[in-house]
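Notes follow once the structure below has been shown.
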Amino acid sequence: MGTNDPLIRIGNGFGNITISGAASDVEIFFNETLFNVTFHASNLNPGITWSVNIYNVSSRNGIYPNNITFQLPNGTYNFSASSNNGYSAISNSSGSISILGDNITVNVSFVKVNSSFTAEDKLLGYILPIILIAGIVSVALYYKRKK
């Protein structure tokens, strides 16, 4: 007993049914076979958290250098991979995978996102407010002494 559909496996894949001249009800059990889908990250610092989302199925987090593995049946799935720790995925950050009777591995490459602070940003963000506060305090003290 078997099937020609490569996406379906019946029980252990073999067996016999004998019907001798009469109608018969036969139960057939289908086993869903699961395959490993392993996501492998690269270019992260050890200890950095990263994640993979298989849309409408599951989401998992991992800590680099550990892989993230799902067990899924045959089919096509959309996914996304990311890290919120100053890294951006530059290859296989999202896409579609097709499982057709075998385990698969998806390699995800990350790159460190550089801080975009310039000297001007630091001047405006840190030094200018300090100068402004010092000026206000100086003026307040000046008028307080004048009284």
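Derivation of every value follows stated rules applied to the coordinates shown; laboratory data play no part. These figures come from a predicted structure and were not determined experimentally. Quick reminder, even Gly has a Cβ in these numbers, built from the backbone with ideal geometry, and neighbours come from all protein chains shown.
Couple of notes before you dig in:
- Taking θ as phi - 60° and the Karplus parameters 6.51, -1.76 and 1.60, the scalar couplings of the stretch 130-136 work out to 5, 5, 5, 5, 4, x, 5 Hz in sequence order, x denoting glycine and proline.
- Between ILE90 and PHE35, the FRET efficiency from the beta-carbon distance, with R0 = 41 Å, is close to 0.95.
- Other-chain or far-sequence residues with amide H under 5 Å of SER91's (modelled H): SER109
- Exposure proxy order (Cβ contacts within 10 Å, fewest to most) of VAL26, VAL106: VAL26, VAL106
- For the stretch 59-66, 3J(HN,Hα) per residue [Karplus equation, 6.51 cos²θ - 1.76 cosθ + 1.60, θ = phi - 60°, Hz, x = Gly/Pro]: 10, 9, 10, x, 10, 4, x, 6
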